[in-house]
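Contents: one structure, followed by commentary.
Just so it is clear, none of the values below were taken in a lab; they were calculated from the coordinates. Worth saying up front: this structure is predicted, and the values here are computed from it rather than measured. Neighbour counts are summed over all protein chains in view; Cβ atoms, including those assigned to glycine, are modelled from backbone coordinates with ideal geometry.
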Amino acid sequence: MAPPAAGLSGLLLLWGLASLQLPAAILPTPWDVAGRLGSLLGEGALWADTAVTLRNVLLAFFLSLLGGVFLGLGVGRWPALGRALHPVVVVVEAAPHIAWLVLAVLWLGIGAGPPVLVGVSMALPLVYMATAHGLSQVDQGLLDMAHVYRLSRWTRVWYIFLPHLALTLTGAASSALSVAWRSVIMAEAFSSDAGLGQSLWGGYLYGAIDDVYATILWIVLLGLALEYLLIDPVRHRIERRLRHE
Amino acid sequence: MSDLQTEFRCPFEDSPSDAPDLLTLEGVTRIFPGGQGVKGVDLVVRRGEVVGICGASGCGKSTLLRLVAGREHPDEGGIRRDYHRLGMVFQEPNLLPWLTALRNVELVLSRRDRVRALEALHAVGLEGAEAQYPARLSGGMRQRVGIARALAMEPDLLLMDEPFSSLDYFTRTDLLELVRTRVRALDLGVIFVSHDVREVAHLCDRVLVMGRTPGRTLAELRNPASGKQGRRPPGLVARFEERVLEAIRGGHPSAACPASSESCPSLRTPPEETLP
């Protein structure tokens, strides 16, 4: 059995064993939750929330990717900018999700804005730091070669910096998507009138524990799908194209 | 002056050449924190000659090449560049791992001239390896791509920074012969940096022997086998190798030379100076 499948099976087994010892109001069985998930998907309500969350997560992810790479490139070009940004990055990273959430609701009101802003605030520093670090790690020998052969700026960016960054960023993108996924859903619970986070929190408030677990299971499955169906293929494709080992 | 002195012509002394100067270093100094670097180095490289720079580790050989390549700037002294195109073979081949051998060579050519890139690869014996990525090539083949890249652009001056140091004996011998043949055929000026005296004696017409901390010229020796067509006479090469070794160790370059160390033009030991 492949390691990811073995890990998941082990988790399900543990859940099943624990649920037999605990009341259903605390921990329903995996098969009850799976059944409830099937019903929710069949009813259609979960699909609408899923679409909202996916939109928020992907928006936060791509904004983080764009902003992080842009800032990282700026720091690579002007190191003084990196020193100026350092305290800002520390503050952003140190602030808890809830602090960003409160500020986002104050600034943007209830809706899609706060989840996206919280997602960006958590994911962008990861991409920015990976970009800045990646640029600082570009092989000095390749830069010497580019200098001696007077390669144009465009050639250096296209053939040296971008491939190098692509390799660095695939790892960072995976982390950024994971962080955006978690923080957006958390923010939706308290600042949005739609989305999986809001659905989850609503289920808890109304005491629909099966719904809560079914939504959590759905969130986990979607997170895995994003990782294995979106990020992993892109990462493998980039590595195959660039490493040739 | 005695007969012996008038008749004697030191085989290691530099001789004037009509070939145009490609590069002139005058009193070039570049000192890094900690005292490493080079101090007061003079050097002229002419078209068609291979100048070796030899010395123990830390004598500033690579710094000198970085100064010539423009990757470092001198604290003192001047560098006059009279060449149009510069090529370089690095210690590591410095190939882009995401490009094939052919594309690596094409990259440095104007208008990505594929025909010339192919010719350059074939000239270094890489027929059939054009579409291979660097990770699939052996160390020797990667270095051949680096040599092809440097020669494809038809440089006037070629810099070689310990290009064979990471290769095995047989590959090194092959590549040394390849470089010697190609360089002669293309009539380039070459600066060949190495700590391997055998390589230097085999390839170079003239050798700058450097001492360390900071790097400075200990001696400048002419190879008596220089200018010989075809394979260089092993006896002459071996003799020259000995002289270079002696100079590195601080001895006089020629036991047979009647000149005193003060008057020998091939042994220029700068006076000790206090570092700034």
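Per residue of B:70-78, how many C-beta atoms from partner chains lie within 10 Å of its own C-beta, taken as a mean? Each step should come with its number before you reach the end.
Values: counts 3, 5, 0, 0, 0, 0, 0, 0, 0.
Whole-number average of other-chain Cβ neighbours for B:70-78 is 1.
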Contour minus Cα-Cα span, A:VAL157 to A:ALA95, at 0.36 nm per residue, comes to 18.9 nm
Distance between the C-alpha centers of region A:75-89 and region B:53-101? Whole Å please. 31
Assuming R0 = 60 Å, what is the FRET efficiency of B:SER166 and A:TYR206, from their Cβ-Cβ distance, to the nearest 0.05? 0.30
As an exercise, use a Förster radius of 25 Å and the Cβ-Cβ distance of A:ARG55 and A:TRP107 to find the FRET efficiency, rounded to the nearest 0.05. 0.80
Calculate how steeply helix A:3-21 sits against the longest principal axis of the alpha-carbon atoms of chain A, using the helix alpha-carbon long axis, and give the answer as 0 to 90 degrees to the nearest 10. 30
Quick check on the protein assembly as shown: of the DSSP beta bridges with both residues there, what percent are antiparallel, nearest 5%? 45
Length gained when the stretch A:HIS147-A:VAL88 is fully extended (0.36 nm per residue, less Cα-Cα span): 17.8 nm
HN-Hα J couplings of region B:76-85 from phi, Karplus 6.51/-1.76/1.60, θ = phi - 60°, integer Hz, Gly and Pro as x? 9, x, x, 10, 9, 10, 10, 10, 9, 10
Along region A:28-42, Karplus-curve 3J(HN,Hα) (6.51, -1.76, 1.60; θ = phi - 60°) to the nearest Hz, with x for Gly and Pro, reads x, 6, x, 5, 5, 5, 4, x, 5, 4, x, 5, 4, 5, x
Take peptide B:95-102, look around each residue's Cβ out to 10 angstrom, count Cβ atoms belonging to other protein chains, and average those counts. 5
For A:ARG237, put the label point 7 Å out on the Cα→Cβ axis and report which residues of region A:41-81 keep their amide N under 19 Å from it. A:58-59, A:61-63, A:65-66
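Set the Förster radius R0 to 60 Å, insert the Cβ-Cβ distance between B:ARG81 and A:ALA225 as r into 1/(1 + (r/R0)^6), and round the FRET efficiency to 0.05. Don't skip to the answer; put the middle values down first.
Working: r = 59 Å, r/R0 = 0.99.
Efficiency at R0 = 60 Å is approximately 0.50.
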Residue mean of other protein chain beta carbons inside 10 Å, A:131-144: 2
